Amino acid sequence: MSATDMAMDSSAARDDAEPHGPKPRRVSPGRIGVYAFLVVAALFFLIPLYIMIVTSLKGMPEIRLGNLFNLPAEPTVQPWIDAMWHACTGRDCYGLSPGFLNSVKITVPSVIISIICASINGYALTYWPYKGANVLFGLLVFGAFVPYQVVIYPLIIGLSSVGLFASLPGIIIIHTIFGMPLLTLLYRNFYASLPVELFKAGRVDGAGFWRIFFYIMIPMSVPITIVAVILQVTGIWNDFLFGVVFAGRSNWPMTVQLNNIVNTTTGVREYNVNMAATILTAAVPLIVYFVSGRWFVRGIAAGAVKG
Amino acid sequence: MASLRRAFPVHSIIGTVPMILVSVGVFVVGIGFSVMWSFTSSKLFPNWDFVGLLQYERLWATDRWLVSVNNIWIFGLLSIACNMVFGYLLAVFMDQRIRQEDTFRSIFLYPFAMSLIVTGLVWQWALDPNLGLQTAVRKFGWESFTFAPLVDPQLAIYGLVVAGIWQGAGVTMAILLAGLRGIDAEIWKAAKVDGIPNWRAYLFIGLPMMRGAIATAFVLQCVSVVRVYDLVIAMTGGGPGYATTMPAVYVIQLITVRQNVGQGMAAATMMLMPILLVVIIGGILMWRRNRKATA
C-alpha cells in the first residue's frame, strides 16, 4: 500500500464513535510515523498470504530455484486443480474435494441445529425462567471455559454407547454441544435487551411459550442470528480437533484432510499444491469474513464478553 | 424479572431439554467421569479399578508432560503479553484519525477468520529452513543468514509464539479499539486542555478506563491458549521430538494413540485446575461486589 493510495481515498468509513487522536495536519513527521508503523504491521500480516498465493501459482522447478517473494514467471493453475481433485493422502488421491463436501455436510446442519437450540434457550431463560434455570445457565457458561480435553473422552464413550461415534450425526451433536454456551449467552443477552412489553403484549393476547417465540421473538432476532451464523460457520468450518476425533475417517472435514495432505505426504513435498490446498481450506471462512465486515467484529466482541 | 417467574412452565422446560442435557450431562457428569477415571488404572477402555493418586504420580514423573507444562507457560505468557502489547499499539495507532481504517482493520484481523491449521501450515512454511525466510534472505545475498527456529528444540516454541501473535493480535486490536472508542470524549478533551502528551493520555488515562475491554481480550487469549491444539499439530506436530508438545496435545495422544486413558484423564484434570481456580476467584469477586452493591 503506497501513500498515494491512501491519499486517494477521501472518505474512509467511520466507526460508531470518533477516533481520539489529534486532528491531523497535512503532513508531519508524526503522521508519517503513524502510517509507517501501520504499514509495517500490515506487511507482517500480509506477507504470509502473499507468499502462499504466489507460490501456489508456480511450478515446482521455479519454487526450487527462484526466490520465494518473486511473482510467478509462468503462472499455472495446475496446483489448484491438483489440490482440489488429485492430491494424495496415503493411497487415496481425491484431493480436498471429499473434505470439502464433508465440511459442508457437517457445517450446515450443525449451524442450524445449534442456533435453534440456543435461541430457544435464550428465550426460555429470559422470559420463562423456572426453578434452577439460572443454575443450568451458570453451568453452561462455565462450560465455555472448560478445556475440550476434559470432556472429550466421556463424550467418546457416550456417543459409542449409542452407536453415534465416528458418524455424521455424532459430529453434528458435538458441534451443537460446544456451540451452545456461547450462543445461548448471545441470545439470552439479546432477548433481555428487548422491551419486555413485547412479551407481555403476547401474553395478554393469550399466546403461549411457542406462539410468542415463533411470532414475536423470531422475527425480532435477525441481527443476533446473523452474528450467530457468522460465528458458527467460521468456527465449525475451522474446527480440527472435533472433526479428527468424532467425525470418523469417511466424514473427515476439510481441515483434517488438509493437514493429512500436507503433513503426511511421503517423498517430494509439492509446496505449490499444499499452499493451494491451504488457501482453498481458508476460502470459505475468509469469504464469510470479507462479506460480513463489521458483523464479524461485532460477533467477536459479543462472543468475547462472556460471563 | 421476578414478575415473569412461574412455578412450572412446562413448555419452557421442554424447550430447554438440550440445554439441560448439555449443562448437566456434559459439563457436570462428563467432567465427573473424567475426574473419576483419573483415579483408575484405565488403559484402552475405562475400568473402575481405583488406584488412588498413582496416575498423577506417574504423570508428574513423565518428562513429556513436564515439557508440555513448561511449554504452555512459555507459550501462554509470551503470546498473551505480546498480543496485548502489540494489539494495544495497533489500536492506538488505528485511533489516530487515519485514512483507510477499514482496510487496515481487515488486514490485521483476517488471520483470525482462518483455521489454526491454516495458520500453523503458513508459519511452518515461512520458517522452513529450505523454503521460507532463511532461504529467501540467503538468495538476496546474505549467505550465512540462519533463522530456522522450528528445527531447533530450544527455539521451536518461539516459532509457535510468532504464529500465535499473527493469529491473535488483530482480535486484541479490535476489542481494545472498541474499548478506546467507548471512552467519553470529554475525558480526552480534558487531558488535552491540561496539556498531557498524547502517549501519556493513552497509557495513564486510556488503559485504566478500559478495564472491561482489557479483561475481555485477556480472557479470550487465556481460553485459546489452554486449548491450543490445532496450531501445534499443524505447525510442528509437537516436534522436534516432543519439544513443542502441549497439555492439550498430550491428553489427546494418551487417549488415542497411547491408549492410557487413566493417565490421560489425570492430565485433563490438571488442565481443568487453573480454569476452576479462575472461575472460583471470579465467582467470589463477583459475589463480594454484588454484596457491596446491595449493602
Practice problem: Would you mind ranking A:TRP210, A:TRP295, B:TRP48 so that the residue whose beta carbon has the fewest other beta carbons within 10 Å leads the list? | Solution: B:TRP48, A:TRP210, A:TRP295
Exercise. Take the alpha-carbon centre of segment A:216-279, take the same for segment B:108-181, and report the distance between them in whole Å.
Key: 21 Å
Exercise. Return the average number of partner chain Cβ atoms within 10 angstrom of each residue Cβ along peptide A:109-117.
Key: 1
Quiz item: Hey, what do the phi angles of segment B:47-55 turn into as Karplus ³J(HN,Hα) couplings, whole Hz, using 6.51/-1.76/1.60 and θ = phi - 60°, x for Gly and Pro?
Solution: 10, 10, 8, 6, 10, x, 8, 3, 4
Practice problem: Calculate the spin-label point distance for A:ASN70 paired with B:GLN154, positioning each point 7 Å from the Cα along the beta-carbon direction, and give it in nanometres. | Solution: 3.6 nm
Self-check item: Inter-chain Cβ neighbour average for residues A:204-210, partner chain, 10 Å
Solution: 2
Quiz item: Taking springs between alpha-carbon atoms closer than 10 angstrom, which of B:GLN124, B:GLN100, B:GLN259 fluctuates most in the Gaussian network model of chain B?
Solution: B:GLN100
Practice problem: Name the residues whose placed amide hydrogens come within less than 5 Å of the amide hydrogen of B:THR40, ignoring near sequence neighbours (fewer than 5 apart) on the same chain. | Solution: B:VAL51
Quiz item: Can you list the HN-Hα couplings for segment B:186-196, worked out from phi with the Karplus curve (6.51, -1.76, 1.60; θ = phi - 60°), rounded to whole Hz and with x for Gly and Pro?
Solution: 4, 5, 5, 4, 4, 4, 5, 4, 6, x, 7
Quiz item: Just counting partner chain Cβ atoms within 10 Å, what average do the residues of peptide A:134-146 show around their Cβ?
Solution: 6
Quiz item: Within chain B, what's the longest stretch lacking trypsin sites (Lys or Arg not before Pro) that sit in DSSP loops with no more than 15 other Cβ atoms inside 10 Å?
Solution: B:44-257
Quiz prompt | Footprinting exposure proxy for A:LEU71, A:LEU125 (fewest neighbouring C-beta atoms within 10 Å first) | solution = A:LEU71, A:LEU125
Practice problem: Working from Cα positions, state the angle (0 to 90°, nearest 10) between the long axis of helix A:29-56 and the longest principal axis of chain A. | Solution: 80 degrees
Exercise. Can you pull a Stokes-Einstein diffusion coefficient for segment B:1-122 at 25 °C (0.890 mPa s), Rh from Kirkwood over Cα pairs, as a whole number of µm²/s?
Key: 119 µm²/s
Self-check item: Computed over segment A:155-277, Kirkwood Rh from alpha-carbon pairs, angstrom
Solution: 17.8 Å
Exercise. Per residue of segment A:221-235, in order, report the coupling 6.51 cos²θ - 1.76 cosθ + 1.60 (Karplus, θ = phi - 60°) as ³J(HN,Hα) in whole Hz, putting x for Gly and Pro.
Key: 8, 4, x, 5, 6, 4, 4, 5, 5, 4, 4, 6, 4, 5, x
Exercise. Compute the Rg to Rh ratio over the protein assembly as shown from the alpha carbon atoms, using the Kirkwood formula for Rh, and round to two decimal places.
Key: 0.97
Exercise. Write out the GluC sites (Glu not before Pro) in segment B:98-187 meeting two conditions: DSSP loop, and at most 16 other Cβ atoms within 10 Å of their Cβ.
Key: B:GLU143
Practice problem: For chain B, calculate the relative contact order in percent as a whole number, restricting contacts to Cα pairs under 8 Å that are 6 or more residues apart. | Solution: 29 percent
Exercise. Please find the FRET efficiency linking B:ARG258 to A:SER161, where r is the Cβ-Cβ separation and R0 is fixed at 22 Å, and quote it to the nearest 0.05.
Key: 0.45
Exercise. Find the centroid of the Cα atoms in segment A:133-196 and in segment B:196-244, then give the distance between the two in whole Å.
Key: 25 Å
Quiz item: What angle, in degrees between 0 and 90 and rounded to the nearest 10, separates the Cα long axis of helix A:294-304 from the longest principal axis of the Cα atoms of chain A?
Solution: 60 degrees
Exercise. Rounded to whole Å and ordered largest first, report the semi-axes of the equivalent ellipsoid of chain B derived from its Cα gyration tensor (root of 5λ).
Key: 37, 34, 17
Exercise. State the volume of the convex hull built on the alpha-carbon positions of segment A:97-304, expressed per residue in Å³ and rounded to an integer.
Key: 141 Å³
Quiz item: By the gyration tensor of its Cα atoms, with a ≥ b ≥ c the square roots of the eigenvalues, what is the shape of segment B:192-295: rounded for a/c under 1.5, prolate for a/b over b/c, or oblate?
Solution: oblate
Quiz item: Arranged from highest to lowest average of other beta-carbon atoms within 10 Å per residue, in what order do the peptides B:29-39, A:234-244 appear?
Solution: A:234-244, B:29-39
Quiz item: Taking the Cα centre of chain A as the origin, how large is its charge dipole in debye, to the nearest 20, when only Lys and Arg (+1) and Asp and Glu (-1) carry charge on their Cβ atoms?
Solution: 620 debye
Quiz item: Roughly how many nanometres apart are two label points built 7 Å out from the Cα toward the Cβ at A:LYS105 and B:TRP199?
Solution: 5.8 nm
Quiz item: Suppose R0 equals 51 Å; then what is the FRET efficiency for B:TRP287 and B:THR62 from their Cβ-Cβ distance, rounded to the nearest 0.05?
Solution: 0.85
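Rule-based calculations on the coordinates, nothing more; no lab input. From a predicted model like this one, the values you see are computed outputs, not experimental measurements. When we count neighbours, we look across all protein chains shown, and the Cβ atoms used for this are built from the backbone with ideal geometry, even at glycine.
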